[in-house]
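Visitor: Shown below is the structure under consideration.
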Amino acid sequence: MPKPNKHRQTHTHANTLLQSSNEMRLKKLGMSRHEKSKSVGGGLLESWFGRPSKSKGSGNYNSNSLPHGVGGRPLSTDNEGGVVGVEELQRHIQDLSEAEVNARFLEIIEDMNIPKDKREPLLNKNMEERQKMIFMHMKGKNSLERNTNSRFEKPIDYIEYLQNGEHSENKVYQCVESLRVALTSNTISWIREFGEAGIGQIEKLLARAKTDRSYDRIEFEAIRCLKAIMNNTWGLNVVLTPDQHSVVLLLAQSLDPRKPQTMCEALKLLASFCIVYERNGYEKVLRAITTIAATSYKASERFRPIVDALFASDKHDPKRELAAHSLIFINTLTNTPTDLNFRLHLRCEIMRMGLYDRLDELKEIVESSNNETLQQHHKIFKDVRDDDFEEFVQRFDNVTFNMDDATDCFDVLKNLVTDTTSEPYFLSILQHLLYIRDDFYFRPAYYQLIEECIAQIVFHKGYCDPNFENRNFNIDTSLLLDDIVEKAKATETQRSEEYEKKIEALESAKQEAEAKAAHLEEKIKLMEANGVAAPSPNKLPKVNIPMPPPPPGAGGAMPPPPPPMPGMAGGPRPPPPPPMPGMGGPRAPPPPPMPGMGGPPPPPMPGMMRPGGPPPPPMMMMMPMAPVLPYGLKPKKKWEAKNPMKRANWKPIVPAKMSENAFWVKCQEDKLASDDFLQELAVKFSSKPVKKENQKDAVDKPTTLTKKNVDLRVLDSKSAQNLSILLGGSLKHLSYEQIKLCLLRCDTDILSSNILQNLIQYLPPPEQLKRLQEIKAKGEPLPPIEQFAATIGEIKRLLPRLHNLNFKLTYADMVQDIKPDIVAGTAACEEIRNSKKFSKILELILLLGNYMNSGSKNEAAFGFEISYLTKLTNTKDTDNKQTLLHYLADLVEKKFPDCLNFYDDLSHVNKASRVNMDAIQKNMRQMNAAVKNLETDLQNNKVPQCEDDKFTEVMGKFANECRQQVDVLGKMQVQMEKLFKDLSEYYAFDPSKYTMEEFFADIKTFKDAFQSAHNDNVRIREELEKKRRMQEAREQSQREQMERQQRKKAVVDMDAAQAQEGVMDSLLEALQTGSAFGQRNRQPRRQRPAGAERRAQLSRSRSRTRVNNGQLMTREMILSEVLGSA
């Protein structure tokens, strides 16, 4: 923004150009310069130099006398009273004395309304520069009088001329241009005389410019006239005192990027109005912009022209003045309100007008321009935006999230209302949103209306956005992205489920392949043991070739087990005992016993007997020895707590029950110890007089489902009725012979499992079937039901056939019932055994428990039963507010954060907790029995009963496939049981007493309780932090509000007793330099976390994928910022 004095020099320069233009027009009319000088009156010099006018007419100009004491030689003019030429004017000024020049110079300063604080640089100019300024000022007035043919001197002259609507556009433009110069160079009293009547004429010009494009240049000059009128407190009060002056509306109407110069001038005035706080200029400007938008294009896009102006072409604006003033206006709108919510609301609305997607383009425009004002306000825009966001996130406990993301906004809102009295209302709002009419066109309109209502409610007590009454909720059929969002979410969910199924299928295939490999290895070993060559990789035909007996001690085929070696039972004793259990396979002979059994090795601890080893020598007569820890175990450290503590009520595992590979043997919990958290543990769980809780090891035993025995009755009325019901169902369209044919052909497309099960249940016994066949053979009549029984009874081994067919139909379901459980159990065993994070958690629990049990009988334990994990919640702290599990979760988060998500390593534990080993074994027995029965029936039915009998053909192929799969499932089951047995040795528990279902259920319970405890810790910590930050934010908000009020009063005093000059210039300068926004107390901003960390802060239980779709991204951005505005 140029300085005020430079601004007036610009006007003078424009007058000089105007004079040159008039001279060109006069030359075209054939007038000489001398004639031209005679055609205008001489009132100007006479008014300045004190000589009365000699014109014969009264004229419009009155002579003004010089101030007292300032005389001067009378200057001659032409006889017609015209204004003297430029040369004569310059000569007269040069003839003035120094005192006269100073007097004229001071008079010019007063006449130009230059503020006192801006006069000092002008008063320091030398004599030559003062004469030049006097000459330029006089020449400008001379040009003004010639251009208007000496018709305009008083304000009423302009008003009357503009009231006459018969003038051409060119003459109106000349009049308005002259008016602008007059308003700029005359005193405040002249402007007051022009008054509201004159402002009304300018309003008419601006109103006509809206519909008449030929008035574009008049519109530009008219706005400059308004600027001159309001360059003092009187003119500014005239416009801003009413509730809504039409001038403000007309200026808002002039915001058109296609007219950059005009829009620049309008933006200057509107931005200046915004910081006139005493007259509520901000609200009036915002209301005017909204009103014009509602009547002209669309109220929801009221800031569209301002944003478009930022990116307007620089063809006619190389210095990017329009972009600079647009950004100043945006900063004024978003920085002026004291309410943070309203600032964010407006900024989000402006960003939705396309600025969000073009921020990088704006940055390039700013960097490539040489406009310092544009660069400065771009920096202000970014800094204030970031500061407001930092202040905003403090409300949410500094949980950094992206306001431009709808999911983040929803998660923050959900976390704010969870477990509060607001939650039911929030749920009700969501439910009502679900009730919105599911229409392709009306849904966007509903959301727009709801957004308007929420904005009005939220900002009712603060800066109320005055755009609700003027908004039209137009239905925009182009925004049909709601369905796209729903489809994208459905696609994401479906894709996640597909990936999970693929992972499960791969895990199942992996275990199945391992079981097949183990099965094949066993077959190979069995074949080698029986003297059969193993099949070659090239699939050569199998030939049984007798193998020669292997030499003694040779590897390869397993020889028959050797006879027991002497001395294996501790001494020669006829007959020799058999080999020890577990000594299958050849082993090297043990060394002979030492003579006389002298110096035997120390006996192992109880439970240390290894399979395959020689039994220990009798120790009955030896004296008791001091206990020796096996496997290199060292005694556990005995902790000494300063205060008595609550006990960890676990059942310790003694070393005698451990194996060499047990987890507890390798456990080194001492390395995790730290004095700081152990002291905290001692204080937090000190044993004060509290009520002891009865802790009972309640283990839910699986309920046994008892099946009712179905009694098969003889063919009576009840049986006949049951068969009649069966035949009246899906078999009603088939004859008895057709049903018999289906049974012979094993047609499972017609014979469903339900039909077969009913036939098995209601089929008469063989005796009755034989009796019915005899009656039928005699030709005696039979009822329909008995005819049916006699017909199907002709099939040999009918009941086993029915069982086999039913097994074929239900086989896939039986496999599906047990195979996922086997896969889950196997995977869970491997996850538990291989998880280093879970192992460290157990070590930490062992450390805490030993420390708490210091001085008790359970101190210095080597391990504890896994079932104790579910009882960590039973130990309360001294305040009875938190449990030992809460302390563990907090300790892991602070000291061992890499183990905080240990539950991610145990992804199959949830499914494994529902695995019932007894049920799996029972189903496997049933399947094996069914396959064996099928194989037996195939052996008994090698010869078909008739041509239609397809039992051997159909069921033989099924039997081969079924046998292979059942064997594989059996190997998988054995592998799962083996892994669980290894796990029981690893954690030293009895698998017969602590079943797989109970083990994994306890792990799942502990895992879920740990997550819940961690969430509780986070919630409590956030609540405390929230209270602290709310207090700080409240104090900071009060300080900032007081600072803003101080800044408001410092710009201009609208209620001063005497009218101030240069007010508009001061406002524009404050806006240009940014001082109108004041100095903000900026705090160092924190690094915004990445997506994973942000999701952890928001305690999300699901992962989300950004859909890289252009329309969807726009929709998410719009939704997010609408939510952010509320």
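Visitor: Show the residues, 5+ positions off or on another chain, whose built amide H is closer than 5 Å to the amide H of MET645.
Guide: For MET645, the qualifying residues are SER687.
Visitor: Once the Cβ-Cβ distance between LYS922 and LYS516 is put in as r, and R0 is 30 Å, what FRET efficiency do you end up with, to the nearest 0.05? Don't jump to the answer; show the numbers that get you there.
Guide: Numbers: r = 24 Å, r/R0 = 0.79.
Approximately 0.80, to the nearest 0.05.
Visitor: Using the structure shown, select from LYS840/LYS922; LYS840/LYS911; LYS154/LYS319 the pairs with a Cα to Cα distance greater than 30 angstrom.
Guide: Working: LYS840/LYS922 37 Å; LYS840/LYS911 23 Å; LYS154/LYS319 38 Å.
In this structure, LYS840/LYS922; LYS154/LYS319 lie more than 30 Å apart at Cα.
Visitor: Could you give the length gained on full extension between THR187 and ASN102, defined as 0.36 nm per residue of separation minus the Cα-Cα distance, in nm?
Guide: Values: separation 85, 0.36 × 85 = 30.60 nm, distance 1.94 nm.
Here the answer is 28.7 nm.
Visitor: Sorting check: for 220-229, 499-508, 282-291, which peptide has the highest mean count of neighbouring beta carbons within 10 Å, and how do the rest follow?
Guide: Numbers: 220-229: 24.3, 499-508: 12.4, 282-291: 22.2.
Final packing ranking: 220-229, 282-291, 499-508.
Visitor: Ordered by packing density, taken as the mean number of other Cβ atoms within 10 Å over each peptide's residues, highest first, how do 256-268, 747-759, 122-134 rank? Each step should come with its number before you reach the end.
Guide: Values: 256-268: 20.8, 747-759: 16.6, 122-134: 13.8.
My ranking of the peptides, most packed first, is 256-268, 747-759, 122-134.
Visitor: Let me spell out the model: positive unit charges on the Cβ of Lys and Arg, negative unit charges on the Cβ of Asp and Glu, origin at the Cα centre of the range 815-1017. What dipole size does that give, in debye rounded to 20? Please list the in-between numbers first.
Guide: On the way: 26 positive and 32 negative charges, 66 e Å.
That gives a dipole near 320 debye.
Visitor: Trypsin sites (Lys or Arg not before Pro) within the range 858-911: which are DSSP loop residues with at most 10 other Cβ atoms inside 10 Å? Display every interim value, and only then the final one.
Guide: Numbers: sites: LYS871, LYS876, LYS881, LYS894, LYS895, LYS911; in loops: LYS881.
Passing sites in the range 858-911 are LYS881.
Visitor: In addition: What is the calculated FRET efficiency for LEU734 to ASN933, with r their C-beta to C-beta distance and R₀ = 30 Å, to the nearest 0.05? Don't skip to the end; give the middle numbers.
Guide: On the way: r = 27 Å, r/R0 = 0.91.
After rounding, the FRET efficiency stands at 0.65.
Visitor: When the distances between all Cα atoms of the range 815-1017 are binned every 10 Å from zero, what whole-number percent does each bin get?
Guide: 8, 27, 25, 16, 10, 7, 5, 2, 0
Visitor: With the Cα gyration tensor of the range 717-795 in hand, give its eigenvalues times 5 under a square root as the equivalent ellipsoid semi-axes, listed largest first in whole angstrom.
Guide: So the three semi-axes of the range 717-795 are 20, 14, 12 Å.
Visitor: Could you calculate the FRET efficiency of SER907 with LYS1027 from 1/(1 + (r/R0)^6), where r is the beta carbon distance between them and R0 is 51 Å, rounded to 0.05? Before the final figure, lay out each step's value.
Guide: Working: r = 38 Å, r/R0 = 0.74.
The calculated FRET efficiency here is 0.85.
Visitor: In the structure shown, do any of LYS414/LYS1004; LYS634/LYS1004; LYS516/LYS981; LYS502/LYS819; LYS657/LYS993 have a Cα-Cα gap over 24 Å, and if so which?
Guide: Details: LYS414/LYS1004 27 Å; LYS634/LYS1004 32 Å; LYS516/LYS981 21 Å; LYS502/LYS819 15 Å; LYS657/LYS993 14 Å.
Checking Cα-Cα distances, LYS414/LYS1004; LYS634/LYS1004 exceed 24 Å.
Visitor: Rank the residues TYR277, TYR297 as a footprinting-exposure proxy: fewest other Cβ atoms within 10 Å of their Cβ go first.
Guide: Details: TYR277 17, TYR297 12.
Placing the least packed residue first, the sequence is TYR297, TYR277.
Visitor: Taking the number of other C-beta atoms within 10 Å as the exposure measure, put CYS453, CYS899 in order starting with the fewest. Mind dumping the intermediate values first?
Guide: Numbers: CYS453 11, CYS899 18.
Ascending number of Cβ neighbours within 10 Å: CYS453, CYS899.
Visitor: How large are Rg and Dmax for the range 197-270 when only the alpha carbon atoms are used, in Å?
Guide: In Å, with Rg to one decimal and Dmax whole: 11.4, 33.
Visitor: Right, next: Where does each of LEU434, LEU427 land when they are ranked from fewest to most other beta-carbon atoms within 10 angstrom?
Guide: On the way: LEU434 8, LEU427 12.
Going from sparsest to densest Cβ surroundings: LEU434, LEU427.
Laboratory data are not the source of any read-out in this text; all were calculated from the coordinates shown. These figures come from a predicted structure and were not determined experimentally. A quick note on method: Cβ atoms are made from the backbone with ideal geometry, for glycine too, and the neighbour counts reach across all protein chains shown.
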